[in-house]
1. So between Cys113 and Val90, what do we pick up on full extension, going 0.36 nm a residue minus the alpha carbon distance?
2. If you place +1 on the Cβ of every Lys and Arg, -1 on the Cβ of every Asp and Glu, and leave all else neutral, what size is the dipole of segment 92-233 about its Cα centre, to the nearest 20 Debye?
3. Of Ser231, Leu148, Gly158, which is farthest along the charge dipole of segment 143-234 in the positive direction, counting Lys and Arg as +1 and Asp and Glu as -1 at C-beta?
4. Could you please rank His83, His107, placing first whichever residue has the fewest other Cβ atoms within 10 Å of its Cβ?
5. Mind ranking 210-221, 85-96 by how tightly packed they are, going by the mean number of other C-beta atoms within 10 angstrom, highest first?
6. Taking just the alpha-carbon atoms of segment 92-233, what radius of gyration and Dmax come out, in angstrom?
7. 7 Å from Cα along Cα→Cβ at both Phe227 and Asp191: what's the point-to-point distance in nm?
8. Whole percent per 5 Å bin, from 0 to the bin with the longest distance: what is P(r) over all C-alpha pairs of segment 138-189?
Amino acid sequence: MELPGSSLQKACRLLVVFCALHLSAVLFYYLRGNTVGHDWSPEPPPRIQTFARRESGTLYPGNISKPVADCPDPSPLLLGPLHVEFSQVVNLKNVEKENPELREGGHHTPKDCKALQKVAIIIPFRNRDEHLKYWLLYLHPILQRQQLDYGIYVINQGGEETFNRAKLLNVGFTEALKEYDYDCFVFSDVDLIPMDDRNIYKCYDQPRHLSVSMDKFGFRLPYNQYFGGVSALS
């Protein structure tokens, strides 16, 4: 037979033991957490490359957080008079190797500044492969030194019908705008190469004739109204 109050005493002792165990556990985890916390440092976030989207939907590497200044006018990369010759054999693979910054389709954008104009160069073409090789060999470096955001469009006419230059230029204009928001269009024959890179392939307030002095015409216009060869329009 239990004495009066013995059950209450046992309950009190159990409660005291439980509280002591609970307090010990809390103190243990608190001290352990402080020790670990001094050695912990958050991992750096993963490096993410940013991309800017062209109007055409094509992605190209960009830096959104660091604005790029406009390219100077005139470009400091220009050389002036050039030596142009057609005795060497031109290989398109070599042209590609010598212009490593070209993107697929003959596009180029300056990497150190923002081009002042977006230029589509449209070439009406038929059976002039050798002329085209020389054109690409010389014009790609020239256009890059002029710091243009440019794309080249060679519009080929097949068959044996009369060559329709005007129609090919219209097709090139339409197709170029499907790819990019160009604000300048240069229409060029495939056999014309500038002899001075200061002849900038860009647009002005009015349409500009860029080939006013050609060797095949004795470095003068065949007639005053002549606007063929190379011309720029916005």
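Values quoted throughout were computed directly from the atomic coordinates according to the rules given, and no laboratory measurement underlies them. As the structure is a prediction and not an experimental result, all values here were calculated from the model. Cβ placement follows ideal geometry from the backbone for every residue including glycine, while neighbour counts extend to all protein chains displayed.
1. On the way: separation 23, 0.36 × 23 = 8.28 nm, distance 3.07 nm.
Difference between extended and current length: 5.2 nm.
2. Numbers: 18 positive and 20 negative charges, 40 e Å.
Around 200 debye, computed over segment 92-233.
3. Ser231
4. Details: His83 5, His107 19.
Fewest-to-most ranking of His83, His107: His83, His107.
5. Working: 210-221: 13.3, 85-96: 10.7.
In decreasing order of mean packing, 210-221, 85-96 become 210-221, 85-96.
6. Using the Cα atoms of segment 92-233, the pair Rg, Dmax is 14.8, 46 Å.
7. So the label points at Phe227 and Asp191 sit 2.3 nm apart.
8. The distribution over segment 138-189 is 4, 16, 27, 21, 17, 10, 4, 1, given as percents.
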